[in-house]
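Comments concern the structure below.
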Amino acid sequence: MLARQAVLDEFEQAGFSWLWSTDSEGRLSYISPGAMAKAPALVGKLLTSVIETDPENPDERSGRPLTFQISAHCRICDLVVRFTGAAGNDLRWWALSGQPYMLPDGTFAGYRGFARDVTSEYRRKREDSRAAAFDSLTGLFNRHRMTGRLDAVLAAFRPTGQCCGLMMMDLDRFKHVNDTMGHPAGDELLRQVADRLRTVVGDRGEIGRLGGDEFQIIMPNFDDRGQMGELAAKLIQMVSQPYAIDGKRAVIGASLGIAVAPHDGDTREALVASADLALYAAKNGGRGQFRFFSSELQDEAMERSVLNHDLREALVREELELHYQPVVRIDDHMVVGFEALMRWNHSERGAISPSVFIPIAEESNLIVPLGDWALRQACTDAAKWPQSVRLGVNISSVQFANPSFVATVADALEQSGLDPQRLELELTENVFMRDTELVDEAFAALKGLGVRLALDDFGSGYSSLRYLQSAPFDTLKVDRSFVSTCAADDQNSAKIISAIIGLADALGMETTVEGVEAFDQLEVVRDRGAKQVQGHIFANAMPVVEVNRHMESGALKIEPNGPSRHRIERRAVFRRVGIIHDDHRYEAVMRDLSRVGARIDGLLGVPVGTNLVVDLGGGQLAVSVVTRSQGPVIGVEFETPLTSDGAGGLCTRHRLSPMMLAVANAASEAAPKGRQQFMEVAVRGSRDHG
C-alpha cells in the first residue's frame with residue numbers, strides 16, 4: 001500500500017498528469033494540488049460547474065455533452081474540456097479521463113480519473129482548424145467550409161423536402177478600387193464589406209467569401225422569396241454605401257443572384273449553377289440589383305445577345321426616336337419643360353421597353369454612342385421651342401464617365417444653337433461611383449458650359465445627403481416609388497416626399513415629382529409643397545411632331561386628366577395558367593397581373609366569391625377568390641400578395657417543392673372530389689413549413 005501511494009505521489013509531482021475524483025452527486029472530492037494554483041478551492045464544487053466542453057473544438061468526439069456522459073455514468077476517455085474559471089490568455093484546456101466507481105452493492109459512488117493539460121496543442125489544433133475553415137482576410141467562412149456546409153444542409157433536408165436558400169453576391173467596381181487605391185485598400189474594403197454582411201444577415205444565414213470579391217450566403221430552411229428579396233435589397237443598399245479608407249472615399253456596388261433548393265436544384269452543383277445564372281442576369285440587368293433564378297434565364301441570356309446585335313443595327317439605321325414627356329408647373333398647369341425619353345420600335349418585335357434595351361446598351365458600352373445621339377437629337381429638337389421651355393436629357397453613368405462626355409455636350413449645344421441654360425442633364429446617384437476628383441472635375445466643366453444639372457430618382461440610392469453638400473445640382477427629381485404609395489393609408493411615402501421638397505428648398509434647388517398618375521396623388525404632392533410634377537395625369541411621352549404641334553398652337557397649358565384614385569399597378573401579360581376548382585383543372589390565359597390579383601380569360605360563368613387555386617407554374621400556386629365575373633373573364637384576388645422577382649416581375653412568396661407537389665397531386669388523383677382543398681392545404685402547408 002505504501003509503495004502504491006509513493007507511485008501516485010511521484011506521478012502527481014512529475015506534472016505529466018493529475019488526479020481527480022467526485023462523489024455520487026458529481027462534486028469534486030479530490031483534485032491534485034499541482035493541477036492549478038486554486039485547485040484546493042475547487043473541492044466541493046460540481047465538476048460540471050468547473051469545466052465544460054468547448055463548442056469550437058474541431059475534434060468531433062467532444063461534441064457529446066459532458067453532462068450527458070456523467071449523468072449516464074459513461075466512461076470518459078480523453079475528452080477535451082475547458083476550465084470555466086479562467087478567461088482570455090489564462091484559458092486552459094484539459095484532456096479528461098475517468099471511470100465510474102461502483103460500491104460492492106452496485107451503487108454509483110462517483111468518478112475516479114486523471115487529466116492532463118493540453119492547452120498548447122489544443123490551441124494549435126484550433127488555429128489549424130480555423131485556418132482550414134475561415135477566410136484569413138475577412139474572418140468569414142472560406143470556399144471549402146461553405147462547400148461542405150451546403151452539402152451537409154442539402155443532404156439533411158433532401159428526405160423531408162425542406163428548403164434552403166442560396167445567395168451569390170459579386171461586388172461591382174471593386175477592380176476600380178484596387179487599380180486606383182492599391183491592393184491594401186482593396187483588402188480593407190473587403191473587410192468592411194464582410195462586417196456589413198454580418199450586420200445585415202445576422203443569424204438568418206451563414207456567410208462565406210469564396211475568393212476575390214465573390215461572396216455566398218446559405219440560408220437553411222428558408223424559402224420565403226418576399227423575405228429573401230427584402231434581405232437582398234438591404235444587402236445591396238448597405239454594401240453600396242461609401243467606405244472610408246485611408247482618408248479617402250471608395251464607392252462600390254453589389255449584384256445578387258438567388259436560388260432555392262429543392263425548386264432550383266437539389267444538389268450543391270445544381271443549386272450553385274442556378275444562383276450563378278441568376279447573378280449573371282442581375283449583372284446584365286444593369287447591376288446593383290438582385291434576381292431570382294427562373295427557368296427562363298437561359299433563354300433570356302440568348303435573347304439579350306440577339307437584342308444587343310439588333311440595337312447596334314437600329315442605331316446605324318436610325319430606327320430609334322425620342323419622345324418627350326412634359327414637366328408641368330402645379331399651380332397653373334403650364335408646361336415648363338420636357339424630358340427626352342428614348343423609344344425603339346423594332347421592325348419585327350414591335351415596341352421594346354427602355355427598361356429592356358437600356359441595360360443591354362449599358363452592359364455592352366453601346367450606351368455611349370446611343371446617349372450621344374439622344375443628346376444631339378434632343379438639343380436639335382428643343383432649339384425650335386420657346387425660350388421658356390427647358391429640355392431634360394437622361395445621362396447614363398457609363399456615358400458620364402466617358403472622358404469625352406463634356407466635349408460632346410459642348411458640341412451638341414454649339415451645333416443646335418440651344419441656350420445652355422435650357423438644357424438640364426439628368427443624372428442618377430450611380431455617377432458618384434467613380435473617383436471623387438473626376439466627378440467634381442466633370443461637374444465643374446459642365447457648370448462652366450452653363451447647363452443645369454438634375455439628380456434623378458432621388459431617394460432610391462445611397463448616402464444622398466452627403467454629396468448634396470458639394471454637388472452643384474439645380475433640381476431634385478423625387479423617385480416615383482414614393483409617389484406610387486403616397487396616397488395610401490401608410491403616410492410614410494408622403495412624409496418622405498415632404499422632407500425631400502423641404503431639403504431642396506433649403507439648398508436652393510427646384511423639385512420635380514415624377515410618376516403622378518391619379519388625382520389623389522396630385523393632391524398629396526401639392527399639399528406637401530411640390531411646385532413641378534411629371535406623370536400620366538398630365539401627359540404621356542409624345543413624339544416630337546406632336547410636341548411641335550402644341551408649340552405652334554401656343555397650347556403650353558395641360559389640364560390634368562386621370563383616375564380619381566391610384567390603383568395598384570397591373571401589368572399587361574399573356575400567360576397560360578392552370579385553374580383548379582373542386583375536382584377539375586382548367587386551362588386559361590392570364591391577361592393582367594398585380595401583387596394582389598389578376599384578370600383571367602377563359603372560364604365562363606364563374607360566380608363572384610368562388611374559391612380557386614391559380615397554378616402559375618414551377619410550383620407557384622396562389623389561393624384566390626373571384627371578385628369580378630363577366631362572361632369568360634374573371635378577376636381574382638390572391639389570399640397572399642405576390643412579391644417582386646427582382647426583375648420587374650412578380651412571383652409567389654412560397655413554392656411547393658417537387659416532393660410536396662407530387663404528394664398533393666397523388667392525393668387529389670386518389671380523391672378528385674377534394675382536388676382544390678388538397679391544393680389549398682398544400683399551399684398553406686408550404687408557407688408554414690417554410
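Of the residues Ser347, Ser364, which is over 22 Å from Glu514 (Cβ atoms), of a type outside the set (Val, Ile, Thr) and open to solvent by 40 Å² or more (accessible area, probe 1.4 Å)?
Values: Ser364 fails: open to solvent by 40 Å² or more (accessible area, probe 1.4 Å).
Just one listed residue meets the conditions, Ser347.
Taking strands (runs of 3 or more DSSP E) as the structural unit, those lying wholly within segment 198-309 and holding at least 2 residues that are in contact with a Gly (Cβ under 7 Å, 6 or more places away or on another chain) and under 30 Å from Leu438 (Cα atoms) correspond to 253-261.
When Ser388, Ser364, Ser416, Ser404 are checked against the criterion of being touching a Cys at 6+ places or on another chain (Cβ under 6 Å) and either farther than 22 Å from Ser240 by Cα or not small (Gly, Ala, Ser) (or both), Ser416 stands alone in meeting it. Taking the options Leu307, Leu322, name whichever one is open to solvent by less than 30 Å² (accessible area, probe 1.4 Å) and out of contact with any Leu (no Cβ under 9 Å at 6 or more places or on another chain). Going through Leu307, Leu322 in turn, just one is open to solvent by less than 30 Å² (accessible area, probe 1.4 Å) and out of contact with any Leu (no Cβ under 9 Å at 6 or more places or on another chain): Leu307. Can you work out which of the residues in segment 316-364 that are modelled with pLDDT of 85 or more and in contact with a His (Cβ under 7 Å, 6 or more places away or on another chain) is farthest from Asn548 (Cα to Cα)? It comes out as Arg343. Looking only at residues in segment 367-385 that are of a type in the set (A, V, I, L, M, F, W, C) and under 32 Å from the mean Cα position of the chain (by Cα), which one is surrounded by the fewest Cβ atoms within 10 Å (Cβ to Cβ)? Here the answer is Val368.
Could you pull out every one of the strands (runs of 3 or more DSSP E) wholly within segment 315-415 that has 3 or more residues that are closer than 30 Å to Ser255 by Cα and out of contact with any Pro (no Cβ under 7 Å at 6 or more places or on another chain)?
So the answer is 335-346, 390-394.
For first residues located in segment 618-643 and without any contact (Cβ under 8 Å) to a residue 24 or more places away in the chain and among the acidic types (Asp, Glu), partners that are surrounded by fewer than 19 Cβ atoms within 10 Å (Cβ to Cβ) and in a strand (DSSP E or B) and lie 6+ apart or on another chain with Cβ distances below 8 Å form the pairs Glu639/Val625. Annotation: Pro632 fulfils all but one of (1) within 18 Å of Val589 (Cβ to Cβ); (2) open to solvent by less than 50 Å² (accessible area, probe 1.4 Å); the unmet one is (2).
Of Gly285, Gly337, all but one fail to be in contact (Cβ under 8 Å) with a residue 12 or more places away in the chain, closer than 30 Å to Val389 by Cβ, surrounded by 18 or more Cβ atoms within 10 Å (Cβ to Cβ) and not charged (D, E, K, R); the exception is Gly337. Considering each residue of segment 152-162 in turn, at least one proves to be touching a helix residue (DSSP H, G or I) at 6+ places or on another chain (Cβ under 9 Å), open to solvent by 10 Å² or more (accessible area, probe 1.4 Å), touching a residue at least 60 places away in the same chain (Cβ under 8 Å) and not in a helix (DSSP H, G or I). Pairs meeting the criteria (first residue in segment 388-417 and over 14 Å from Asn430 (Cβ atoms) and touching a residue at least 60 places away in the same chain (Cβ under 8 Å), second residue outside any strand (DSSP E or B) and open to solvent by less than 40 Å² (accessible area, probe 1.4 Å), beta carbons under 7 Å, at least 6 apart or on different chains) are Arg390/Arg422. For the structure I just gave you, tell me whether Arg628 is under 30 Å from Ile258 (Cβ atoms), touching a strand residue (DSSP E or B) at 6+ places or on another chain (Cβ under 6 Å), at pLDDT 70 or above and not polar (S, T, N, Q). Against the criterion (under 30 Å from Ile258 (Cβ atoms), touching a strand residue (DSSP E or B) at 6+ places or on another chain (Cβ under 6 Å), at pLDDT 70 or above and not polar (S, T, N, Q)), Arg628 does not qualify.
Beta carbons closer than 7 Å, at least 6 apart along the sequence or on distinct chains, pair a first residue in segment 517-545 that is at positive phi with a second that is of a type in the set (Gly, Ala, Ser) and part of a helix (DSSP H, G or I) for Gly529/Ser498.
The values are calculated or read from the model by the stated rules, or taken from the named source; none is laboratory data. Note that the coordinates shown come from a computational prediction; the quantities given were computed from them, not determined experimentally. Every residue, glycine among them, receives a Cβ derived from its backbone with ideal geometry; neighbour counts consider all protein chains shown. To get the accessible areas, we keep the full protein, side chains included, count just its heavy atoms, and leave off ligands, DNA and RNA. Shrake-Rupley method; radii C 1.70, N 1.55, O 1.52, S 1.80 Å.
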